[in-house]
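Below: one structure, written as structure tokens.
Computed from the coordinates by the stated procedures, all read-outs in this text should not be read as laboratory data. It should be emphasised that the depicted structure is a prediction, and the values quoted were computed from it without experimental measurement. Neighbour counts are summed over all protein chains in view; Cβ atoms, including those assigned to glycine, are modelled from backbone coordinates with ideal geometry.
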Amino acid sequence: ELFNTGTILKNLSDRLSASSQAIFGTVINIFGGLVSFFIIVFVALFFNIQEKGVKKFIYYLTPDEHRAYILVLFDRIQQKMSGWLWSRVIIALIIAILVFVGLYFLGVKYALTLGVLAGLLNFIPYFGSAVAAIPAILLALMESPLLALLVIALYIFINSVLEAFFLTPLLMKKMIGLNPALLILVVLIGAKLAGILGMILAVPATLIISILVEEYIRIKRKKTGEQLL
């Protein structure tokens, strides 16, 4: 026989098994990324709500001569983290509304649910928006190929044009003061180092590091100035 049926079926089974494992792994990564983000959100909100309690904890933990300095540093970090958190929430909310309105006028079923999904998955940079588009495209494809193409165009316009070139640069620059190009770079580095979790943690980690580096430079300059005098 030119073709061994058993071998063909076995190869097909192996490929299907590998594909299902890859899909399952992707779903787990997305779910894990969302869980990680909401844990970060919970901690950030807890820090904001229990600000006095956290400050008291820092106050009693640090030596007397460093307390004032550490509390000021904590305030700066807290302000940056709050700005980042609120910017992400605002962007996700806008994306959810835009997707809902767009799908509603296109006549796609479950537009509200798909809008909420787009907003939630938007917390995962880049990758989340692509995953959120898949169910909308499949539902549209069940109606007509043209509708599916319109849905693809809608998601590309919202996520790749409005969000990437207007919403994210404007809000991130205004609320946390970091260059948008730097944000893209750190997210890519985070993805390379730790996958989806790295993408989520990249920006807050960069904020904290930037504050510490600025403070280190300020102290060094102050000491150098004192020596010169």
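Going through the cross-link list Lys80/Lys220; Lys192/Lys223; Lys80/Lys192, which pairs have a Cα-Cα distance over 28 Å in this structure?
Check vs 28 Å cut-off fails for Lys192/Lys223.
For a label point 7 Å from the Cα of Leu112 along Cα→C-beta, name the residues of segment 118-146 whose backbone N is under 18 Å from it.
118-120, 136
Under a plain spin-label model, where a point goes 7 Å from the Cα along Cα-to-Cβ, how far apart in nm are Glu214 and Leu182?
0.9 nm
Modelling each spin label as a point 7 Å along the Cα-to-Cβ direction, I'd like the Arg221/Ile152 distance in nm, to one decimal.
5.1 nm
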